[in-house]
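Take a look at the structure set out below.
The values are calculated or read from the model by the stated rules, or taken from the named source; none is laboratory data. This is a predicted model, so every value here is computed, not measured. Neighbour counts run over all protein chains shown; Cβ positions are idealised from the backbone, glycine included. Just the protein is used for accessible areas: all its heavy atoms, side chains included, with ligands, DNA and RNA removed. Shrake-Rupley method; radii C 1.70, N 1.55, O 1.52, S 1.80 Å.
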Amino acid sequence: MIKFLDLEKVNNRFRGEIDFRIKNILDKGWYLQGEENEKFSKDFASYCGAKFALGVANGLDALRLIIKAYGFGAGDEIIVPANTYIATILAISDNGCTPVLVEPNINTYNINPDLIEEKITPKTKAIMVVHLYGQAVQMQKIWDLAKKYNLKVFEDSAQAHGAIYQGRRTGNLSDAAAFSFYPGKNLGCMGDGGAVTTNDEEIYNKIKALSNYGSDRKYHHIYKGLNSRLDEIQAAVLDVKLPHLDDDNIRRREIAKYYRENIINPKIILPKAYDELAHVWHVFAVRTKERDKFQEYLTDNGIQTIIHYPTPPHKQLAYAEWNGLSLPITEEIHKTIISIPMSPVMTDDDVQKVVEIINAY
């Protein structure tokens, strides 16, 4: 079986250093808001090219905290891609804001910048982009719209650690960005974890307080905050893996290039990259009208797959008020998408076998 993602193999590469760092934490007996968090936050901010980074409990909280820090709430609208994991939209509605859905570009799966302006109203406060599947959104038109209408821009960078647009990494393309370090991410910890990056010191300090019960110092609470902190063990794991992220992303690009050049099957639609450096291939998602049949075929031939995602947010019970909406591009993607194995620890033989089996379908 060729696994979709072999996490044991991914993490065993760093086992010795991770064990050493965890032992130090256990010896010190300090598990939250300590030296490991401070070091990782500085290292991750530097990696992204941002002035500040703050570790939080998970990617959803990172998004929630950004919106909360800017003071957006009831009556405020935030533009967001219709084609995304539901967490992006949950963060908006959790703050009492109204998500305004915009269709994707069918070729990149990301929000279509040409469709945003028609959705802007006097209630619009921000545009939240999602660098879906590892490809950075083409930001220039979004920056132009934000300037024209005085809007904030936020990034959901949960799937795009290290992706580049116009020479800048995700996490440094907006007013504030949210990352997830869920174990399967390009940079993943060994549990839940997330981070916020920003160049705005005031917002950084506010999010830092908000994530710690609204406290700027012990037992002194200036905001109605949350409890959302990255623990020391996860921060240490991430700091061990961070120096290897670029090499892992290079390997992902090599695999994606081989897939795109060698999968030749008229029933399979391959993903497109508008710029090689803009994509870090968190997943390699193909499309086919025969998804169930294709997935069964791959399983029977020892190829593990995952569907990202079978049901779009506007068709979920959680957003029953949207269930009657027609978003045909988003719906087409969700009906036909399927992700094939993509991992920096895949061997060349693994990659070739995946291609051969798909071409024989």
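Pairs linking a residue in the stretch 196-210 that is free of Cβ contacts under 8 Å to residues at least 24 places away in the same chain and assigned to a helix (DSSP H, G or I) to a residue that is open to solvent by 60 Å² or more (accessible area, probe 1.4 Å) and not β-branched (Val, Ile, Thr), with Cβ atoms under 7 Å and 6 or more positions apart or on different chains, are ALA209/ASP216; ALA209/TYR223. Scan the stretch 322-332 and tell me whether some residue there is within 26 Å of TYR182 (Cβ to Cβ), open to solvent by 80 Å² or more (accessible area, probe 1.4 Å) and touching a strand residue (DSSP E or B) at 6+ places or on another chain (Cβ under 9 Å). No, there is no match, as no residue in the stretch 322-332 is within 26 Å of TYR182 (Cβ to Cβ), open to solvent by 80 Å² or more (accessible area, probe 1.4 Å) and touching a strand residue (DSSP E or B) at 6+ places or on another chain (Cβ under 9 Å).
If only residues of the stretch 261-287 that are among the β-branched types (Val, Ile, Thr) and under 17 Å from the mean Cα position of the chain (by Cα) are counted, the one that is surrounded by the fewest Cβ atoms within 10 Å (Cβ to Cβ) is VAL283. Residues being free of Cβ contacts under 8 Å to residues at least 12 places away in the same chain, among the basic types (Lys, Arg) and at negative phi are represented in the stretch 36-55 by at least one member. Anything in the stretch 110-154 that is in a loop (DSSP other than H, G, I, E, B), within 23 Å of ALA273 (Cβ to Cβ) and open to solvent by 10 Å² or more (accessible area, probe 1.4 Å)? List them, or say none. Those that are in a loop (DSSP other than H, G, I, E, B), within 23 Å of ALA273 (Cβ to Cβ) and open to solvent by 10 Å² or more (accessible area, probe 1.4 Å): ASN112, GLN138. For the stretch 62-70, the criterion of a residue being open to solvent by 10 Å² or more (accessible area, probe 1.4 Å) and part of a helix (DSSP H, G or I) is satisfied by at least one position.
Among the residues of the stretch 84-98, none qualifies, meaning not one is aliphatic (A, V, I, L, M) and not in a helix (DSSP H, G or I). In the stretch 24-37, the qualifying residues are those that are within 12 Å of VAL237 (Cα to Cα) and of a type outside the set (S, T, N, Q), and the one that is nearest to the chain's Cα centre (by Cα) is GLU36. Quick one: in the stretch 211-252, which of the residues that are under 21 Å from the mean Cα position of the chain (by Cα) and assigned to a loop (DSSP other than H, G, I, E, B) is nearest to GLY162 (Cα to Cα)? Ranking the qualifying residues of the stretch 211-252, first place goes to LEU230. Residues in the stretch 20-32 include at least one that is open to solvent by less than 50 Å² (accessible area, probe 1.4 Å) and farther than 21 Å from LEU242 by Cα. Right, ALA126: touching a residue at least 12 places away in the same chain (Cβ under 8 Å) and more than 21 Å from PRO328 (Cα to Cα) or not? Yes, satisfied. Go through the residues of the stretch 214-234 one by one and say whether even a single one is farther than 30 Å from LYS353 by Cβ, without any contact (Cβ under 8 Å) to a residue 12 or more places away in the chain, surrounded by fewer than 21 Cβ atoms within 10 Å (Cβ to Cβ) and of a type in the set (Ser, Thr, Tyr). Taking every residue of the stretch 214-234 in turn, at least one turns out to be farther than 30 Å from LYS353 by Cβ, without any contact (Cβ under 8 Å) to a residue 12 or more places away in the chain, surrounded by fewer than 21 Cβ atoms within 10 Å (Cβ to Cβ) and of a type in the set (Ser, Thr, Tyr).
If you go through the stretch 288-319 and pick out every residue that is within 30 Å of ARG168 (Cβ to Cβ) and open to solvent by less than 20 Å² (accessible area, probe 1.4 Å), you end up with 2. In summary, TYR258 fulfils each of the numbered conditions (1) within 30 Å of ALA360 (Cα to Cα); (2) in a helix (DSSP H, G or I); (3) open to solvent by less than 20 Å² (accessible area, probe 1.4 Å); (4) in contact with a helix residue (DSSP H, G or I) (Cβ under 8 Å, 6 or more places away or on another chain) with the single exception of condition (3).
Report whether or not TYR182 is closer than 15 Å to ALA136 by Cβ and aromatic (Phe, Trp, Tyr). It is false that TYR182 is closer than 15 Å to ALA136 by Cβ and aromatic (Phe, Trp, Tyr).
In the stretch 165-180, of all residues being farther than 20 Å from LYS68 by Cβ and either of a type in the set (Phe, Trp, Tyr) or surrounded by 24 or more Cβ atoms within 10 Å (Cβ to Cβ) (or both), the one that is nearest to the chain's Cα centre (by Cα) corresponds to THR170.
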